[in-house]
Amino acid sequence: MLLQTVPMRWRIRGFWPFAAVGVIAVVTVAGLVLVWRSSDRTELEAFAGFALSVTGVAAGWIAWVWRARSRQARGAVAGQELGRLADLLAEAVDQEWTRAAGERGLLEPEPIAVRWHRSAAPFAGPAAAALASTRFTPLPGLAAATLRRLQAGQISELHQVYGGLGSGRLVIAGGPGAGKTSAAVLLILAALRYRRSVPKKVRSEVPVPVMFTLYGWDPSTRPARDWLAERLCRTYPLFAGEQGARAARDMLDEGRIAVILDGLDEILEDLRPTVLRALSQQATFRLVLLTRSAEMVDAAARALLQGAAAIELQDIAPGTAADYLTRIQLDPQPQGWHELTSLLRREPGSPLAQALSNPLMLTLVRDTYRATDDAGELLGLRDAAGQPASSQDIADHLLDRVLPAAYTRQPGDPPPWYDLPTAERALRHIATRMNNDGTRDLQWWHVPAWAPAAPRIITTWLGTMLVAGLASGLAWGLATGNAPGLAAGLSAGIVAGLAFGRGNKVPKRIASVQWRHLSRREPLVAALLAGIVTAFLDWGLSRHAGPAASLGAGVGVGVVTGLGTGVVTGVSRPGTDNTSPLSPLSSWRSDRAFGFVVGLVVWLWVGLAGGISYAILSKQMTGLAAGLWSGLGIGLLGAFVTGLMAGLVYPRSWSSSLAFAQLAASDRTPVRLMRFLEDARSRGVLRTVGPVYQFRHARLQDRLAANHLVSESSGLLPNPQVTGLKRWGGRWDSNPRHPGPQPGALAN
């Protein structure tokens with residue numbers, strides 16, 4: 001009856017490796033103990049040779065057991081399991097991008113009517129080659145794309161092109177702020193709606209779309225499939241762990257995932273042709289590539305994305321822009337809004353009409369001018385010389401309105417957490433730091449790279465040394481009357497400072513522990529090593545005790561170590577039941593919760609292991625129960641502070657919190673930077689893409705960085721070769737051929 005309550009996968013794939021390794025560990029420890037106590041042992045060299053031989057044989061057995069278990073696991077990720085993962089991934093992607101579409105204003109009000117056409121620019125090879133390809137059949141229920149279908153259309157018609165292309169490869173190009181990313185978001189949502197609508201029996205033929213930026217990929221060192229599998233593992237908890245990574249690669253190989261890649265223009269200019277060649281050779285999945293037009297022409301001249309069809313997003317016609325601004329306002333329109341829309345219809349060639357010819361600027365008008373604001377002021381803008389403002393001057397004016405509109409208190413609203421000067425100063429520093437890094441992604445676990453590591457290492461070292469020294473001194477003082485806490489604290493502090501003070505590591509994501517995690521490689525190896533070492537130390541330090549006592553101490557410490565390592569391994573490897581989409585705040589909180597679990601495990605592990613060792617070493621074998629209770633009390637008491645410190649130091653959020661404090665001192669940014677970033681997101685200044693923040697508009701990031709450069713109070717001057725900002729005629733402007741992020745490259 002009890003066996004029937006155990007899941008089959010535990011009985012088959014989990015229990016027998018655990019039992020086998022346990023037997024191997026016990027036999028190995030027993031053999032080594034017997035040899036150590038043998039009266040025939042005359043030379044230490046002979047004993048060392050035997051120990052190495054036994055340990056080598058045991059390691060070989062364990063490796064064989066683990067390979068057998070891995071082969072079983074590989075065979076399990078196939079067929080129905082991949083189909084189930086695809087359905088769960090579709091659910092997670094839908095939640096992620098529905099939320100993103102809401103943040104971008106793509107759901108309400110109605111999206112801007114952006115059109116596309118087949119451009120004459122040399123973005124790709126002949127369209128006929130993409131249409132005639134037989135690499136992919138049209139998605140179930142869709143007709144094959146035709147040359148006529150590729151001529152022109154609206155964003156809502158992109159899914160028909162995407163699903164009907166024989167090559168499965170599409171390039172979407174456009175100018176800065178043309179709406180490439182927004183078009184991709186709407187395409188993802190349309191693809192997911194279509195996938196839900198097809199019959200279940202053919203649903204496996206409809207891939208799940210995911211979108212990533214190309215930043216950080218070097219095709220010369222990592223194949224496309226491996227890099228994408230790693231991105232899937234980091235973004236979606238469904239693919240955590242070795243088996244999850246294997247499932248991600250299998251789904252890519254079988255075409256169950258379609259990939260949208262953004263930001264070809266964001267990577268180094270010399271790397272773009274290499275990326276196109278790698279994708280041509282390695283992409284076995286449906287692929288959509290987003291890029292700016294000028295950069296794509298330059299890259300395609302050196303390397304083609306074979307079999308790709310290319311389209312280009314068009315500018316917004318003045319009449320279309322006027323219709324959109326009319327739909328989002330009161331009826332009848334306020335006087336200023338009426339003057340604005342009338343001018344767009346009356347003078348389609350005016351600087352104002354040129355400035356509002358892309359979705360980015362239209363959304364800035366929508367978001368920064370409230371119903372009571374006078375939008376008619378845009379008609380009378382002047383430059384510093386008193387001349388009518390150019391289209392660039394109007395664009396800069398709209399970008400400069402973003403922060404005042406976001407941080408100015410409106411009647412009836414609660415006061416903002418941060419005033420406008422504080423927010424502007426912090427966001428300018430953050431934008432400049434991001435431009436220095438050449439990225440549009442703000443990952444909170446990479447913030448430590450913005451500040452020197454030495455102060456964090458020293459702080460972590462001193463704190464850990466003090467806490468571990470006090471804990472060790474308390475425990476050993478009660479046990480033996482001496483206090484070697486300083487040595488223990490010094491060692492722990494050095495290890496913690498070097499291991500956890502630097503930061504810039506991927507955060508952990510907590511999950512419920514499952515029994516199968518106890519049979520993984522990490523806890524088994526940790527249990528075996530801890531048991532053997534404990535048995536040897538106990539036998540060497542207390543030669544008066546019998547082999548049973550040493551073996552018991554080794555088994556006890558090994559079991560506690562294995563359980564503790566298994567719990568830590570388990571909570572960091574979520575199962576496939578976790579489909580909640582990631583966000584920066586949830587990632588931060590999960591990382592801190594993971595630290596709490598680690599602290600609890602360390603407390604129990606150190607306390608129990610220390611208590612068992614103390615009970616054995618205290619020579620109280622005649623009163624084992626009393627000695628054990630005394631040892632556990634001392635061990636748990638001394639390990640409490642150690643566990644508390646481990647829970648604080650181990651998470652990635654520890655080094656990030658220290659870096660936040662460093663930036664607060666150097667850049668005068670808020671100490672609680674995560675709260676500030678989340679507040680900026682709620683005000684529409686930032687947006688989230690999975691577990692990272694981005695500026696709502698990429699051109700806003702560049703504008704803030706440019707304003708920071710000319711600020712007299714700033715002591716941080718980024719490298720113009722990295723940011724692409726040069727001084728032209730007394731003002732900072734962008735260099736269109738720089739290798740870093742281009743202004744507006746990832747604009748809405």
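What the table below lists for this structure:
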item: Percent antiparallel among DSSP beta bridges (both partners in region 84-313, rounded to 5); result: 20
item: Whole-angstrom Cα spans of region 399-459 along principal axes, big to small; result: 47, 28, 17
item: Counted charge near Met211, where neighbours are those whose Cβ lies closer than 12 Å (Asp, Glu -1; Lys, Arg +1); result: 0
item: Sequence of Ile328, Ile316 once ranked by neighbouring C-beta atoms within 10 Å, starting from the fewest; result: Ile328, Ile316
item: Convex hull per residue volume in Å³, alpha carbons only, for region 263-351; result: 148
item: Global geometry of region 84-313, whether rounded, prolate or oblate, following the gyration tensor of its Cα atoms and the 1.5 cut on a/c; result: rounded
item: Extension gain, Glu110 back to Asp323 (0.36 nm per residue minus Cα-Cα distance, nm); result: 75.5 nm
item: Alpha-carbon centroids, region 340-374 and region 152-200: separation in whole Å; result: 27
item: Of Trp116, Gly141, Gly105, farthest towards positive along the dipole that unit charges on Lys, Arg, Asp, Glu beta carbons give region 84-313; result: Gly141
item: Cα-based shape type of region 140-228, given that a ≥ b ≥ c are square roots of the gyration tensor eigenvalues and the cut on a/c is 1.5; result: oblate
item: Normalised convex hull volume, region 78-205, alpha-carbon set, Å³ per residue; result: 125
item: Spin-label model distance (nm) - Ala449 vs Ala144, 7 Å beyond Cα toward Cβ; result: 4.6
item: Among 183-189, 377-383, 202-208, the order from most to least packed when residues are scored by Cβ within 10 Å on average; result: 183-189, 202-208, 377-383
item: Formal net charge of residues neighbouring Arg99 (Cβ-Cβ distance under 15 Å; K, R +1; D, E -1); result: -2
item: Least to most buried among Met251, Met296 (fewest other Cβ within 10 Å first); result: Met251, Met296
item: Sorted by Cβ neighbour density within 10 Å, fewest at the top, the residues Leu343, Leu330; result: Leu330, Leu343
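Computed from the coordinates by the stated procedures, all read-outs in this text should not be read as laboratory data. Just so we're clear, the structure is a prediction, and the values are computed from it rather than from any experiment. Methodologically, a virtual Cβ is constructed for each residue, glycine included, from the backbone with ideal geometry; neighbour enumeration extends over all protein chains shown.
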